[in-house]
Amino acid sequence: MPPLQPGEFDFPRVAPNFVIEIRSDSNSALGVHERMLDWMIGGVDEGISIDPFTNIVKVYTRDLTTNTITRHEHHNCTRATRIASQVLPGFVLDLYDI
């Protein structure tokens, strides 16, 4: 990262490996989807969005060899559903109580 000039303020250009977002009533499904795509384009390897209004969970992954973003949808997540992370070894999201 180049040094900042006097008076400049900047954030490091880093991204986490993994993000989770739960849609609130003030967000639209499209807005959450677009935000997840922004995360993925920004360098996140895996993202999970949970929509409690439609009971749909979307898992976003990025193929590091082709930089292609894919999305897998899990519908009707009111039943006990477990999603294992491909990025964080041993992390399993249990959607039963969500």
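Can you give the extra length, in nm with one decimal, that the chain gains between ASN67 and ALA29 once fully stretched, where that is 0.36 nm per residue apart less the Cα-Cα distance?
On the way: separation 38, 0.36 × 38 = 13.68 nm, distance 2.38 nm.
Residue separation times 0.36 nm, minus the Cα-Cα distance, leaves 11.3 nm.
About the centre of its Cα atoms, region 18-94 shows a dipole size close to 160 debye [charges on the beta carbon of Lys, Arg (+1) and Asp, Glu (-1) only; nearest 20 debye]. Distance between the modelled labels on HIS75 and ILE41, one decimal in nanometres: 2.9 nm (7 Å Cα→Cβ projection).
By its C-alpha gyration tensor, with a ≥ b ≥ c as the square roots of the eigenvalues, how is region 18-94 shaped: rounded for a/c under 1.5, else prolate for a/b larger than b/c, else oblate?
Details: a/c = 2.04, a/b = 1.21, b/c = 1.69.
In terms of gyration-tensor shape, oblate.
Between SER49, ALA29, HIS75, the Cα set farthest toward the positive side of the dipole of region 18-94 (charges on each charged residue's Cβ, about the Cα centre) is that of HIS75.
Rule-based calculations on the coordinates, nothing more; no lab input. For clarity, every value in this text was computed on a predicted model and none was experimentally measured. Here Cβ is always computed from backbone atoms with ideal geometry, including for glycine, and neighbour counts include all displayed protein chains.
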